[in-house]
Ligand SMILES: Cc1cc2nc3c(=O)[nH]c(=O)nc-3n(C[C@H](O)[C@H](O)[C@H](O)COP(=O)(O)OP(=O)(O)OC[C@H]3O[C@@H](n4cnc5c(N)ncnc54)[C@H](O)[C@@H]3O)c2cc1C
């Protein structure tokens, strides 16, 4: 994107974003500098950053998610250069019952399950990020500084309690123990009617479609359940050619059977073997220029476009074109769903979004594990509770959580079949340390594990490498008010050709002392999603390309595109990016969702032979947790895998 409009876009205004450009403090924005102590500040004294007064990563803005400083050494380990420059490890002389690698929901749940069975156990949890929670990350915004201003919350990753399959007894049991009752919370906390009169929209950008144009209300029900948009007039005046408009409207309303002569089962089988894009082109026979309108509609859930998502999944999500096929409700064996349509029946109302997403689950687990860190006692009060990070790694605490520590090795002390201990090596502040444990759970990302445990069997290492995590970005932008959304009558906008393919207002929730901004005049956070990929390649290759894109893109490029996009989409409603943007947080996840098998590209393995089943086998005193171990990117699977790993080790 050209820099010529930088001044107009407000690239050089002082807001709370570039203050932590790429993780390094370079200036002071609207929030007092003391509110946002640098996350990475080791080496200045013996005190670790997390132990210093004021350390509070949720309030950091700028580049978050996989933030600078959290991953570079992992890449050196991958490239085989790490140990050449690493100094001699220092032995901490610490010895634990269990060391958990990874402080996401899976790692925290593993520690919880272990303590439930062994209440006296001493546990160390290590995570490479400056905050705990893994993908379940909390973003705080403070209007006018933390001391006096108002706090706005948003999720930096894991958004909601949901799953395409019902929560298992174990996962549900943990939620019950933590006091989380999704249906009750939804009934009590969801604010209904706040966005009354607002609808979804599609923004066509001039670079892709020839002219900037907002399709308000969407062309005849492009979003499932959208009853306000059955009018056909909203495509009038768009830059789309008449034949493209005609095909879209036909697709959206048709009752034609595009797979005549087949039974419902045969049709479903066929639809799992064809992409939605091919279904549109070859069965519905739409004009190829229709495809770009729908291309990114699968991005949020799958991280790739309709060229790489099978048509049956799109049927399950309520995409158009299937009405006349009269498919029987219910899943197919090659689908990840158990629901007949969308997630509806699988979730059994088991769905709720905390204002900071599932970071609340991570924080509740930390409260259980290290009570001194997180005062209070209810699900409602934790939302506004400030975690005291200096309590997380106390010598006398039975559970310790050590941040900004990237684990670089986990090795049995002796033969894995008979060893009594595992030595774990981690890097912190440029120095390698070791600690020991009787057992180790690797609740980190699968592809990292072969580098930590070179002693694993080759077949297992190969299997661990199979999945390629989905790269994605959740950008959160604090704006002065949401008046432009109100004026345009919009709540969310998909923009298939733009840098972020989705933007919109969050689900409004009041919980405890946290109150979602009620008035359109109040500051609010806009959520945006970006999922870089490369249509036409296999899903795993698309993720590799997307990851490289994310890792090579500086914050400045994100910021310029954010400003441009918000300005163009919301500008007609009076939004001025130079004036109205107050803070930006880019949650970059080059290794995001766990890879889920995609039978457009992956083979169907015999039972017990899928990569994930081989990958998660225990090895001596080491077991493997994390949602990667289930090939399913959900909180319940992260919990289930933690439980399995704990059980495996406790039966050794
Ligand atoms: C943007 C985004 C949105 C999502 N939204 C949802 C949602 O709405 N609902 C849902 O159910 N799921 C969602 N997910 C899926 C999410 O991944 C899971 O729900 C769950 O949070 C995964 O937990 P985990 O502990 O298995 O993995 P993670 O959260 O990834 O935690 C693993 C941790 O291990 C760390 N680690 C890796 N290697 C090392 C090492 N060598 N040393 C130390 N630490 C290491 C990682 O950095 C990470 O912090 C989302 C994911 C993303 C990325």
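The values are calculated or read from the model by the stated rules, or taken from the named source; none is laboratory data. As the structure is a prediction and not an experimental result, all values here were calculated from the model. Counting neighbours? That spans all protein chains shown, and the Cβs are built from the backbone with ideal geometry, glycine included.
Examine the range 610-618 for a residue that is within 15 Å of residue 469 (Cβ to Cβ) and away from the ligand (no atom under 14 Å from the Cβ), and state whether such a residue exists. Steps first, please.
Filtering the range 610-618 for residues within 15 Å of residue 469 (Cβ to Cβ) gives 611-612, 615.
From what's left, away from the ligand (no atom under 14 Å from the Cβ): 611.
Among the residues of the range 610-618, at least one is within 15 Å of residue 469 (Cβ to Cβ) and away from the ligand (no atom under 14 Å from the Cβ), which makes the answer yes.
What number goes with the only condition from (1) more than 20 Å from residue 450 (Cβ to Cβ); (2) assigned to a loop (DSSP other than H, G, I, E, B) that residue 638 does not pass?
(2)
Any residue at all in the range 378-386 that's touching a strand residue (DSSP E or B) at 6+ places or on another chain (Cβ under 7 Å) and within 16 Å of the ligand (Cβ to nearest atom)? Reasoning before the result, please.
So the first thing to find is which residues in the range 378-386 are touching a strand residue (DSSP E or B) at 6+ places or on another chain (Cβ under 7 Å), and the list is 380, 383-384.
Next cut, within 16 Å of the ligand (Cβ to nearest atom) only: none.
No, the range 378-386 contains no residue that is touching a strand residue (DSSP E or B) at 6+ places or on another chain (Cβ under 7 Å) and within 16 Å of the ligand (Cβ to nearest atom).
Listed here are the residues, each with its yes/no results for (1) surrounded by fewer than 19 Cβ atoms within 10 Å (Cβ to Cβ); (2) over 27 Å from residue 57 (Cβ atoms).
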residue: 566; (1), (2): no, no
residue: 580; (1), (2): no, no
residue: 591; (1), (2): no, no
residue: 599; (1), (2): yes, yes
residue: 606; (1), (2): yes, yes
residue: 616; (1), (2): no, yes
residue: 642; (1), (2): no, no
residue: 651; (1), (2): yes, yes
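For the range 519-591, list the helices (runs of 4 or more DSSP H) that sit wholly inside it and hold at least 3 residues that are more than 26 Å from residue 153 (Cβ to Cβ); which are they? Before the answer, list the steps.
Details: elements: 539-552, 555-570, 577-580.
Correct list: 539-552, 555-570.
Go through the residues of the range 387-403 one by one and say whether even a single one is out of contact with any strand residue (DSSP E or B) (no Cβ under 6 Å at 6 or more places or on another chain), within 16 Å of the ligand (Cβ to nearest atom) and under 30 Å from residue 84 (Cα atoms).
Yes, the range 387-403 contains a residue that is out of contact with any strand residue (DSSP E or B) (no Cβ under 6 Å at 6 or more places or on another chain), within 16 Å of the ligand (Cβ to nearest atom) and under 30 Å from residue 84 (Cα atoms).
Residue 484 fails exactly one of the following numbered conditions: (1) part of a helix (DSSP H, G or I); (2) within 16 Å of the ligand (Cβ to nearest atom). What is the number of that condition?
Answer for residue 484: the failing condition is (2).
Can you confirm whether the range 597-613 contains a residue that is closer than 30 Å to residue 139 by Cα and assigned to a helix (DSSP H, G or I)?
Step one: of the range 597-613, the residues closer than 30 Å to residue 139 by Cα are none.
No - not one qualifying residue is present in the range 597-613.
Yes or no: the range 240-263 includes at least one residue that is assigned to a loop (DSSP other than H, G, I, E, B) and farther than 22 Å from residue 312 by Cβ. Write out each step before concluding.
Initially, the range 240-263 is screened for residues assigned to a loop (DSSP other than H, G, I, E, B), giving 240-241, 254-263.
Okay, now just the ones that are also farther than 22 Å from residue 312 by Cβ, so 240-241.
Yes, that holds for at least one residue.
Only one of (1) in contact with a helix residue (DSSP H, G or I) (Cβ under 7 Å, 6 or more places away or on another chain); (2) away from the ligand (no atom under 14 Å from the Cβ) fails for residue 412. Which number is that?
(1)
Run residue 586 past the list (1) touching a residue at least 40 places away in the same chain (Cβ under 8 Å); (2) more than 12 Å from the ligand (Cβ to nearest atom) and report the number of the one that doesn't hold.
(2)
Name every residue in the range 156-183 that is under 20 Å from residue 511 (Cβ atoms), assigned to a helix (DSSP H, G or I) and either at pLDDT below 95 or within 16 Å of the ligand (Cβ to nearest atom) (or both), in order of residue number.
Step one: list which residues in the range 156-183 are under 20 Å from residue 511 (Cβ atoms), which gives 156-162, 174-183.
Going one step further and asking which of them are assigned to a helix (DSSP H, G or I), we end up with 174-178, 182-183.
174, 175, 178, 182, 183 - these are the residues of the range 156-183 that are under 20 Å from residue 511 (Cβ atoms), assigned to a helix (DSSP H, G or I) and either at pLDDT below 95 or within 16 Å of the ligand (Cβ to nearest atom) (or both).
In the list 496, 523, 457, 450, which residue meets the criterion of being within 13 Å of the ligand (Cβ to nearest atom) and surrounded by fewer than 22 Cβ atoms within 10 Å (Cβ to Cβ)?
Numbers: 496 fails: within 13 Å of the ligand (Cβ to nearest atom); 523 fails: within 13 Å of the ligand (Cβ to nearest atom); 457 fails: within 13 Å of the ligand (Cβ to nearest atom).
From the options 496, 523, 457, 450, the qualifying one is 450.
What number of residues in the range 186-204 are at pLDDT 95 or above and in contact with a helix residue (DSSP H, G or I) (Cβ under 7 Å, 6 or more places away or on another chain)?
1
Take residue 645 and decide whether it is part of a strand (DSSP E or B) and either within 16 Å of the ligand (Cβ to nearest atom) or over 15 Å from residue 442 (Cβ atoms) (or both). So that I can check it myself, show each step before the final result.
Numbers: part of a strand (DSSP E or B): no; either within 16 Å of the ligand (Cβ to nearest atom) or over 15 Å from residue 442 (Cβ atoms) (or both): yes.
In short, no.
Pick out the one residue from 186, 121 that is in contact (Cβ under 8 Å) with a residue 40 or more places away in the chain and more than 22 Å from the chain's Cα centre (by Cα).
On the way: 186 fails: more than 22 Å from the chain's Cα centre (by Cα).
121 is the lone residue from the list that is in contact (Cβ under 8 Å) with a residue 40 or more places away in the chain and more than 22 Å from the chain's Cα centre (by Cα).
Would you pick out the residues in the range 314-372 that are within 30 Å of residue 123 (Cβ to Cβ) and modelled with pLDDT under 90?
Of everything in the range 314-372, just one residue is within 30 Å of residue 123 (Cβ to Cβ) and modelled with pLDDT under 90, namely 350.
May I ask you to verify whether residue 124 is under 19 Å from residue 446 (Cβ atoms), within 14 Å of the ligand (Cβ to nearest atom) and either crowded, with 20+ Cβ neighbours inside 10 Å or modelled with pLDDT under 95 (or both)?
So residue 124 fails the test.
Which residues, counting only those in the range 201-220, are surrounded by fewer than 20 Cβ atoms within 10 Å (Cβ to Cβ) and either touching a strand residue (DSSP E or B) at 6+ places or on another chain (Cβ under 6 Å) or assigned to a strand (DSSP E or B) (or both)?
Correct list: 213, 216.
What are the pairs with Cβ atoms under 6 angstrom where one residue, in the range 404-431, is without any contact (Cβ under 8 Å) to a residue 60 or more places away in the chain and the other, located anywhere, is more than 15 Å from the ligand (Cβ to nearest atom) and part of a strand (DSSP E or B)? Sequence gap at least six, or different chains.
From residues that are without any contact (Cβ under 8 Å) to a residue 60 or more places away in the chain, the pairs are 423/436.
Among the residues of the range 419-440, is there at least one that is crowded, with 20+ Cβ neighbours inside 10 Å, modelled with pLDDT of 95 or more, more than 15 Å from the ligand (Cβ to nearest atom) and under 27 Å from residue 134 (Cα atoms)?
yes
Restricting the range 127-155 to residues that are more than 16 Å from the ligand (Cβ to nearest atom) and assigned to a strand (DSSP E or B), which is surrounded by the fewest Cβ atoms within 10 Å (Cβ to Cβ)?
150
Can you tell me which residue within the range 462-479, out of those that are in a helix (DSSP H, G or I) and away from the ligand (no atom under 15 Å from the Cβ), is surrounded by the most Cβ atoms within 10 Å (Cβ to Cβ)?
Kept after step one, since they are in a helix (DSSP H, G or I), are these residues of the range 462-479: 462-466.
Restricting the remaining residues to those that are away from the ligand (no atom under 15 Å from the Cβ) gives 462-463, 466.
On the way: 462: 14, 463: 22, 466: 19.
Only one residue tops the list, namely 463.
Which residue is farthest from the ligand (Cβ to nearest atom), if the candidates are limited to the range 92-121 and must be farther than 30 Å from residue 590 by Cβ and in a loop (DSSP other than H, G, I, E, B)?
Residue satisfying both the conditions and the ranking: 120.
Of all residues in the range 44-91 being more than 16 Å from the ligand (Cβ to nearest atom) and touching a strand residue (DSSP E or B) at 6+ places or on another chain (Cβ under 9 Å), which is modelled with the lowest pLDDT?
87
Evaluate the following for residue 229: is it within 16 Å of residue 204 (Cβ to Cβ), in a loop (DSSP other than H, G, I, E, B), touching a helix residue (DSSP H, G or I) at 6+ places or on another chain (Cβ under 9 Å) and at pLDDT below 95? Give the steps one after another, and end with the answer.
Details: within 16 Å of residue 204 (Cβ to Cβ): yes; in a loop (DSSP other than H, G, I, E, B): yes; touching a helix residue (DSSP H, G or I) at 6+ places or on another chain (Cβ under 9 Å): no; at pLDDT below 95: yes.
Here the answer is no, as residue 229 does not meet what is asked.
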